[in-house]
Amino acid sequence: MTEKEYIHFHRPYMDDEEIHEVADTIRSGWLSVGPKTLLFEERFREYIGSQYAAVVNSWTAAGHLALEAIGLKEGDEVIIPTFTFPATAEIICYFKAKPVLVDIHPDSMNMNAEAIESRITAKTKAIIPVHYGGLPCDMDEINQIAKKYRLTVIEDAAHALPSWYKGKKVGTLSDITCFSFYATKTLATGEGGMVCTDNEEIQKRVSVMRLHGIDRNVWNRYANAGSWYFEVIAPGYKYNFTDIHAALGLVQLRKLEEMWAARKRITGLYDKGFKGNELLILPKHFQDRESSYHLYAIRVNEEALKVSRDQIIQELKQEGVGTSMHFIPVHRHPFYRDTFDLDLRDYPHAEKAYHTVITLPIYPGLSDKNIERVIETVSRILQNHKK
Ligand SMILES: *Cc1c(COP(=O)(O)O)cnc(C)c1O
């Protein structure tokens, strides 16, 4: 057998442009918050089209500060989908509040909006919808429920950059939207996150709390010689972004739609390559929504196969095709299961997804030859195990 190239599940799309921009930052002497952080925040805000944007060092920090800004308290409840990364749930626990999980809809893989209303209590303060793989949730329906019960909507848009719902960009659809710039996300700075909102109060609170609760910007503190004075109005956090990360962010933002177009194209090739294959279920597309195409999640047809999804993943790896699995549902993690006494039978669609999903490589550097190889290898392995 000839040695085949290993197809990685993910590779960041960076080149000399990012390297030059980071080198420029190092030469500038601004290693933490500085002019590039400000510039990136403003360029990002412009791109999204929100009134305000506050950059921080992760989605987790962004989500934490969003909940802090709405005044979440011990004993409060926040509704989230169970089919998400644990960060969506943990930020709620920071306040000794309770994450209330809802199942997903099997078509969109997003939280089932119809299931939200039955989980609302007098203690519910917010809903955090997650746009799985970048496909926007039904935001009209979620906003309507939130309005009816006076809840805040905080979107987990870690996957949804850029995504559109009824022609409007994610980041402009609800009260607060949080983005991630983690290494594997669609705009990668290594670590990073952003809070977008049209609410001035929220913006002010997040801006203060992201840097020790200091009530003004640190760059002003250093810009005016002798201006050493500052005041702390609350015990804040150390969640600031840095100019080194902003250097990457500025270049990545310029490439954002080019990278999006590449992932959209790969999605089209996968859709075509797997079309009609009854051994798997393909991601669905929606007329009124445009995805970021962050993930390409197939689901294997368990009933038609002799082996488990895990075996398929193992064989793909042996053949040099790297894949992943998004997500282990929150209700399966011991902490959440035990603390909130969760029963997996309450989340049948997330359970089904947990047992059948495989996420395939999808990034701009993936060559046509390798896209073809992924399609061929997945199809052949599934066929080998057909009942
Ligand atoms: C990656 C991710 C997060 C966490 O983002 P960080 O920037 O690593 O904190 C939150 N939610 C979802 C859905 C994610 O995929």
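Just so it is clear, none of the values below were taken in a lab; they were calculated from the coordinates. Because the structure is a prediction, the values reported are computed rather than measured. Every residue, glycine among them, receives a Cβ derived from its backbone with ideal geometry; neighbour counts consider all protein chains shown.
Would you compute the Debye intensity of the chain from its alpha-carbon atoms alone, equal scatterers and no solvent, and pass along log10 I(q)/I(0) at q = 0.13 Å⁻¹ to two decimals? Evaluating at q = 0.13 Å⁻¹ gives log10 I(q)/I(0) of -1.10.
In the elastic network of the chain, a GNM with C-alpha springs shorter than 10 Å, the most mobile of K204, K98, K185 is K204. Over all other residues within a Cβ to Cβ distance under 13 Å of V153, the charged ones net out to -3, with Lys and Arg as +1 and Asp and Glu as -1.
For N110, the residues 5 or more places off, or on other chains, whose built amide H falls under 5 Å of its own are H105. Angle of helix 139-149 to the longest C-alpha principal axis of the chain, folded into 0 to 90 degrees and rounded to 10: 50°. Dividing the C-alpha radius of gyration of the stretch 1-45 by 2.2 N^0.38 Å, with N its residue count, gives 1.83. Listed cross-link partners K98/K168; K272/K387; K169/K275; K123/K166; K352/K387; K169/K369 are compared with a 22 Å cut-off, the Cα-Cα value being larger for K98/K168; K272/K387; K169/K275; K123/K166; K169/K369.
Given a Förster radius of 30 Å and the C-beta distance between K123 and D343 as r, what FRET efficiency does 1/(1 + (r/R0)^6) yield to the nearest 0.05? That pair, K123 with D343, gives E of 0.90. Look at where the Cα atoms of the stretch 145-165 and of the stretch 1-67 average out, and the two centres are 22 Å apart.
Each listed q (0.11, 0.18, 0.20, 0.24 Å⁻¹) maps to a log10 I(q)/I(0) for the stretch 94-163, found by the Debye formula over equal Cα scatterers with no solvent: -0.25, -0.68, -0.84, -1.15. Listed by chain and number, the aspartates and glutamates whose C-alpha is less than 15 Å from the C-alpha of K317, apart from same-chain residues fewer than 8 away, are E3, E5, E376. Residues in the stretch 61-71 carry Karplus couplings, in order, of 5, 4, x, 4, 5, 5, 5, 5, 5, 8, x Hz; the curve used is 6.51 cos²θ - 1.76 cosθ + 1.60 with θ = phi - 60°, and Gly or Pro positions show x. Counting Cα-Cα pairs of the stretch 6-131 in 10 Å increments starting at 0 gives whole-percent bin shares of 11, 28, 29, 21, 10, 1. With θ taken as phi - 60° and the Karplus curve 6.51 cos²θ - 1.76 cosθ + 1.60 applied, the whole-hertz 3J(HN,Hα) list for the stretch 185-191 is 7, 6, 10, 10, 10, x, 9 Hz, x standing for glycine and proline.
Once backbone amide H atoms are built at 1.01 Å from N, Y296 has L360 as its partners under 5 Å, excluding neighbours fewer than 5 places away on the same chain. With both residues required to sit in the chain, DSSP beta bridges show an antiparallel share near 60%.
With loop defined by DSSP as not H, G, I, E or B, and exposure as at most 12 other Cβ atoms within 10 Å, which is the longest segment of the chain clear of exposed GluC sites (Glu not before Pro)?
75-230
A Stokes-Einstein calculation at 37 °C with viscosity 0.692 mPa s, built on the Kirkwood radius of the stretch 175-284 over Cα pairs, returns a diffusion coefficient of 189 µm²/s.
Just A350, A87, A66 to compare: in a GNM of the chain, with alpha carbon springs under 10 Å, which one fluctuates most? Highest fluctuation of the listed residues: A87.
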